[in-house]
Amino acid sequence: MADIILYHNEMCNKSKAALQFLEEWDIKHTVRLFIHKPFTAAELKALLKKLNMKASDLIRKNTPLFLEQFDGVGKTEDEWLQVMVEQPMLIERPIAEKDGKAIIVRPPEKIFDLMD
């Protein structure tokens with residue numbers, strides 16, 4: 001059985017909570033710091049498919065960066081994908097992936113949904 005991959009932003013409290021949850025429950029995992037090692041467009045497209053989401057649904061729309069630069073801007077899904085490649089801080093988090101399925105783990109207990 002594969003480890004859980006946690007796509008983690010070490011500056012985000014919700015992401016820190018998900019990592020802490022994995023550690024407290026001794027759940028095997030690997031961490032990808034996606035701010036330091038941003039997704040390629042192909043990786044992000046594959047992750048969106050596992051999440052069953054459109055690119056525009058994975059954008060954090062309440063951040064100053066979004067509000068200042070992108071609020072009210074009409075973009076295609078491919079354009080939103082490219083925005084997330086260039087601005088990984090706009091990606092909703094934390095995301096956990098396992099065995100071809102991915103979810104946003106808010107609250108952290110949602111990690112158990114990947115354990116079925």
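The values are calculated or read from the model by the stated rules, or taken from the named source; none is laboratory data. Because the structure is a prediction, the values reported are computed rather than measured. Cβ atoms come from the backbone with ideal geometry, glycine included; neighbour counts cover every protein chain shown.
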Where a residue in region 18-40 is within 13 Å of Lys98 (Cβ to Cβ) and its partner, wherever it lies, is of a type in the set (S, T, N, Q), with Cβ under 9 Å and at least six apart: none
Output for region 62-88, where each listed residue is of a type in the set (A, V, I, L, M) and at pLDDT 95 or above: Leu81, Val83, Met84, Val85
Residues satisfying the stated conditions in region 1-60, i.e. among the acidic types (Asp, Glu), closer than 30 Å to Thr76 by Cα and touching a strand residue (DSSP E or B) at 6+ places or on another chain (Cβ under 7 Å): Glu10
Checking the structure you have, find out if any residue of region 15-24 is at pLDDT 95 or above, among the acidic types (Asp, Glu) and farther than 17 Å from Met89 by Cβ. yes
List every residue pair whose Cβ atoms sit under 9 Å apart, with the two residues 6 or more apart in sequence or on different chains, where the first one lies in region 72-86 and is within 22 Å of His36 (Cβ to Cβ) and the second, anywhere, is loosely packed, with under 13 Cβ neighbours inside 10 Å and hydroxyl-bearing (Ser, Thr, Tyr). Val85/Thr40
